[in-house]
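See below for the structure under consideration.
Just so it is clear, none of the values below were taken in a lab; they were calculated from the coordinates. Note that the structure is a prediction, hence the values are computed from the model and not measured. Neighbour counts run over all protein chains shown; Cβ positions are idealised from the backbone, glycine included.
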Amino acid sequence: MVCTTVRKGQECPFMTAKGCSYNGGICHEAVEQCNGCNRRIEFSSAWFCSASPEPALKWKNGNCNLASHVSSATASTQKKINPLKASKRGAK
């Protein structure tokens, strides 16, 4: 349904005929960590996340999985290779 509370005119999965069914009945503003994200949208002079109704919960346990401005760096750890076993594998 179309939101009638904060994000007026946008589709919202939490809207029902009785109003917003999300916890508290309203979407929460974007937190400081959301600065620079492509999903931030300004409605009624405040910034909100277009993907999450409560962005603070997404940042609670580390980085938000929907954040477009954060890149996850994977640590590539090289295993130590036994040279004797490597030479045997190469001889086959």
Checklist outcome for this item: Non-local residues with an amide H under 5 Å from the amide H of residue 47, with H modelled 1.01 Å from N and Pro and chain starts lacking one, are 30
Item to check | Potential extension, residue 2-residue 68 segment - 0.36 nm per residue separation minus Cα distance | outcome: 21.3 nm
Item to check | Integer Hz, Karplus 6.51/-1.76/1.60 couplings in order for region 56-67, x for Gly and Pro | outcome: 4, 5, 5, 8, 4, 10, x, 6, 6, 6, 9, 5
Checklist entry - Based on the mean of other beta carbon atoms within 10 Å per residue, what is the order of 15-23, 55-63, 77-85, most packed first? => result 55-63, 15-23, 77-85
Checklist entry - When the convex hull of the C-alpha atoms of the chain is computed, what volume per residue in Å³ does it have? => result 171 Å³
Item to check | ³J(HN,Hα) computed for each position of region 13-20 - Karplus, 6.51 cos²θ - 1.76 cosθ + 1.60, integer Hz, glycine/proline x | outcome: x, 8, 7, 10, 5, 8, x, 6
Next on the checklist: Rounded to the nearest 20 debye, what is the charge dipole size of region 1-63 about its Cα centre when +1 sits on each Lys and Arg Cβ and -1 on each Asp and Glu Cβ?
Outcome noted: 120 debye
Checklist entry - Put +1 on the Cβ of every Lys and Arg and -1 on every Asp and Glu Cβ in the chain; which of 20, 2, 82 then has its Cα farthest towards the positive end of the dipole? => result 82
